[in-house]
1. Quick check on my filter: what residues within the stretch 222-245 are without any contact (Cβ under 8 Å) to a residue 12 or more places away in the chain and either aliphatic (A, V, I, L, M) or surrounded by 20 or more Cβ atoms within 10 Å (Cβ to Cβ) (or both)?
2. When only residues in the stretch 131-186 that are among the aliphatic types (A, V, I, L, M) and farther than 24 Å from Asp277 by Cβ count, which is nearest to the chain's Cα centre (by Cα)?
3. Inspect the stretch 212-219 for any residue being closer than 24 Å to Ala30 by Cα and within 19 Å of the chain's Cα centre (by Cα) and give the result as yes or no.
4. Within the stretch 133-161, count every residue that is assigned to a loop (DSSP other than H, G, I, E, B) and modelled with pLDDT under 95.
5. Could you list all residues from the stretch 265-283 that are touching a Ser or Thr at 6+ places or on another chain (Cβ under 8 Å), within 23 Å of Glu31 (Cα to Cα) and not polar (S, T, N, Q)?
6. So which pairs qualify, if the first residue must be in the stretch 252-276 and in contact (Cβ under 8 Å) with a residue 40 or more places away in the chain, the second must be surrounded by 12 or more Cβ atoms within 10 Å (Cβ to Cβ) and aliphatic (A, V, I, L, M), the Cβ gap must be under 6 Å, and the two must be at least 6 apart or on different chains?
7. Within the stretch 74-132, how many residues turn out to be assigned to a loop (DSSP other than H, G, I, E, B), within 30 Å of Lys314 (Cα to Cα) and touching a residue at least 40 places away in the same chain (Cβ under 8 Å)?
8. Identify all residues within the stretch 301-315 that are modelled with pLDDT under 95 and farther than 20 Å from Asp86 by Cβ; write none if there are none.
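The values are calculated or read from the model by the stated rules, or taken from the named source; none is laboratory data. Everything numeric in this text was worked out from a predicted model, so none of it was measured. Cβ placement follows ideal geometry from the backbone for every residue including glycine, while neighbour counts extend to all protein chains displayed.
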Amino acid sequence: MKRLFLSFIALVFFVSYLDAQEITVATFNAEFLNTSRVHIKYGLQFDIKRESEKEQEFWKDEKNRSKKFEEASNNVAEALKEIDADILTLTEVGGKEDLQVLVDALKKLGVQYDYWEVCDCQDTYTGQHVAVLSKYPIKDIWPEIPGRSIYLEEADGDNEGETGISKGLKVTVSVGQTELDVFVLHFKSESGGYSSDAKRIAQASIARRSIIKLLNQDRNVIVTGDLNSEKGSPSIYRIRGFDDIYEELIQTGDSRYFENTDVRWTYNYKGERDQIDHILISSGFTERKGIQTSILEITDDKVSDHNPVIVKLKLAE
């Protein structure tokens, strides 16, 4: 009788696992999908003033630029339709007006995000923002990630720099009874040598401070975005929690979580293909065997020079 009872309990848990809700989380660098710099998507230089007078005149016309931005948004929307994520985070996008164009383009394709937010960008040079699009309600919005951090600008010197996170956002997504604290971050680019590497570690430290506070409240945390660092880099280990005593974040880019796919990279930097866009998660809200990761290869240069990371998660009962 005892054995029968234990078998029944095991069956209940097994069925519960099979019936657990599955959600798809994705992150994608949309490569300058902002009106002020969208010309880069068409093979032009960052500074349009370096182009021919004819190109300059074309892109100075607001109607031309708006039309090209709408075209670029439609191209990106087509790629995002294939992903059809429940929670989608984006880097290198524009502000609210720009993102509305993308949301509308997705809606025309049958992919509707009723809830979305854009960060308060501190990067006036690129005009890039980060954003979250969700099919589930959003609340508790942090339009920027608070904090500053000091870092050494040279390995053998004593010059100190200071940084914040210029492009960061946190929202809480309510999936039924489960609340997910979703971060989307865009760290310093890889160009710049040691100083840039140190700056990314500093930015990871800033983000980690906020993450720890949430983990200590038993919150469910998802960290996403273009972190401009490979899986085994110091900044990724820092944000995951390898340098402190608190709960570590799971690296969904680990080989054990990948579905059958040959694509394991998100960006080709000077001939080296690496995964620099990440989705990191706390362990409390999903079973490890319920994590399935894939990377969709983008072959159209007008969509992006990055590949999106897509993770399917079974929420724990």
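1. Ile245
2. Within the stretch 131-186, the match that is nearest to the chain's Cα centre (by Cα) is Ile150.
3. No, the stretch 212-219 contains no residue that is closer than 24 Å to Ala30 by Cα and within 19 Å of the chain's Cα centre (by Cα).
4. Final tally of qualifying residues: 7.
5. Those that are touching a Ser or Thr at 6+ places or on another chain (Cβ under 8 Å), within 23 Å of Glu31 (Cα to Cα) and not polar (S, T, N, Q): Asp274, Ile276, Asp277, His278, Ile279, Leu280.
6. What qualifies is Thr252/Ile279; Thr252/Ile291; Thr252/Val311; Tyr257/Ile291; Val263/Ile295; Thr266/Ile276; Tyr267/Ile276.
7. 4
8. Asp301, Lys302
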